[in-house]
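The values are calculated or read from the model by the stated rules, or taken from the named source; none is laboratory data. No experiment lies behind these values; they were computed from the predicted model shown. A quick note on method: Cβ atoms are made from the backbone with ideal geometry, for glycine too, and the neighbour counts reach across all protein chains shown. Keep in mind that these areas ignore ligands, DNA and RNA; they rest on the heavy atoms of the full protein, side chains included. Shrake-Rupley method; radii C 1.70, N 1.55, O 1.52, S 1.80 Å.
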Amino acid sequence: MGTETQLVKIEHLYKEFDENTKVLSDINLTINKNEVIAILGPSGTGKSTLLRCLNYLTVPTKGKITIGDIAVDAENHSKKDVIELRKHSSMVFQGYNLFKNKTALENVMEALTVVQKKSKADAEKIALELLDKVGMSERKDFYPSKLSGGQQQRVGIARALAVNPNVVLFDEPTSALDPELVGEVLNTIKSLAEEGTTMILVTHEIGFAREVATRILFMDGGKIAADGTPEEIIDHPENPRLQQFLNFVN
Ligand code: ADP
Ligand code: MG
């Protein structure tokens, strides 16, 4: 093991939507470069909210988020800080949210030409490499309506990678897919993990988390209730709520 480089730090993070909806409560978490973090937990426990807070799609109530060299404090930050923070991560959603009037290639190029202001030629070259990486180069000229859900999600992953994020955030990337299409998307995520892509993955696929994650978090009631290796969390769970959760999903 080399020296570990801290990439993400979450300090005393709180999110309350209103007085009666206190979703995240004092989350503290440090994630190193190349870690593959899986987040498990019952629905409604704040997993999506936590991911969304990381790029300020949801603005936290309190707390500090640091990714790479940018730190954003919920109670004292500028628009510019948020723009900088967002450059450091990208999110892959449950639904693929591709532009329907653009081909697979154009969908991936969009982030490069519009956000990063790359030339069309440069954007196309990078986009083709990324489509190749997710096994979609043969369908580069297909529109989303001509692609299966799994194929669309793989294009979505290529698009998320296009901006060269420090960390990729996946929010239940396979839960909208027909069961027979889940495997191809998980394989794509697995190959990214094997390349050392730092990622945080909210998933219900316990077996996949066990296999691919370097570390698993169990969230319960807006807190991180357990944090450990896949062996610790899945094979030898100590937390009673985690035991109950694993019994329920298995
Ligand atoms: P999970 O992803 O673990 O299922 P979420 O983070 O989506 O949980 O939601 C956690 C809680 O926050 C839920 O009770 C949900 O209803 C509430 N919540 C999420 N987004 C909002 C919002 N925009 N406004 C009000 N409440 C919300
Ligand atoms: Mg969710």
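Which aspartates and glutamates have a Cα less than 19 Å from the Cα of LYS64, not counting those fewer than 8 places away in the same chain?
Reachable aspartates and glutamates: GLU11, GLU16, ASP26, ASP73, GLU75, ASP81, GLU84.
Distance check, please: which entries in LYS79/LYS140; LYS80/LYS117; LYS33/LYS223 exceed 30 angstrom between their Cα atoms?
Those over the limit are LYS79/LYS140.
Per 0.36 nm of contour for each residue apart, how much would the distance between SER145 and SER78 grow if the chain were fully extended, relative to their Cα-Cα spacing?
Taking 0.36 nm per residue and subtracting the Cα distance, the gain is 20.2 nm.
Heavy-atom accessible area of LYS133 with all protein chains present, probe 1.4 Å, nearest 10 Å²?
Its heavy atoms expose roughly 80 Å² to the probe.
Can you give the Rg/Rh ratio of region 1-135, where Rg is from the C-alpha atoms and Rh is the Kirkwood radius?
When Rh is taken as the Kirkwood radius, the ratio is 1.01.
Running a GNM on the chain with Cα contacts under 10 Å, which residue among ASP26, ASP220, ASP178 ends up with the highest mean-square fluctuation?
Among ASP26, ASP220, ASP178, the largest mean-square fluctuation in the Gaussian network model of the chain belongs to ASP178.
Counting helices only, and only those DSSP H runs with n ≥ 4, report the 222 nm mean residue ellipticity of the chain as the sum of -39,500 (n - 2.57) divided by its residues, in deg cm²/dmol to the nearest 500.
When only DSSP H runs of four or more count, the value is -10000 deg cm²/dmol.
So, in Å, what gap is there between the alpha-carbon centers of region 1-61 and region 141-209?
20
I'd like the antiparallel share, as a percent to the nearest 5, of DSSP beta bridges with both residues in the chain.
If I count the DSSP bridges inside the chain, around 60 percent turn out antiparallel.
If you build a Gaussian network model of the chain, linking Cα atoms that sit under 10 Å apart, which residue out of ASN107, ASN166, ASN97 swings the most?
ASN97
Could you rank the peptides 114-122, 69-77 by their average count of other C-beta atoms within 10 Å per residue, with the highest value first?
Final packing ranking: 69-77, 114-122.
Would you list, by chain and number, the aspartates and glutamates whose Cα falls below 16 Å from the Cα of LYS125, excluding same-chain residues fewer than 8 positions away?
List returned: GLU106, GLU110, GLU138, ASP141.
Run the numbers for VAL115 and GLU4: contour at 0.36 nm per residue of separation, minus the present Cα-Cα distance, in nm.
Gain on stretching VAL115 to GLU4: 36.9 nm.
Work out how much length GLU231 to THR214 would gain on full extension: take 0.36 nm times their residue separation and subtract the Cα-Cα distance, in nm to one decimal.
Computed gain between GLU231 and THR214 is 5.1 nm.
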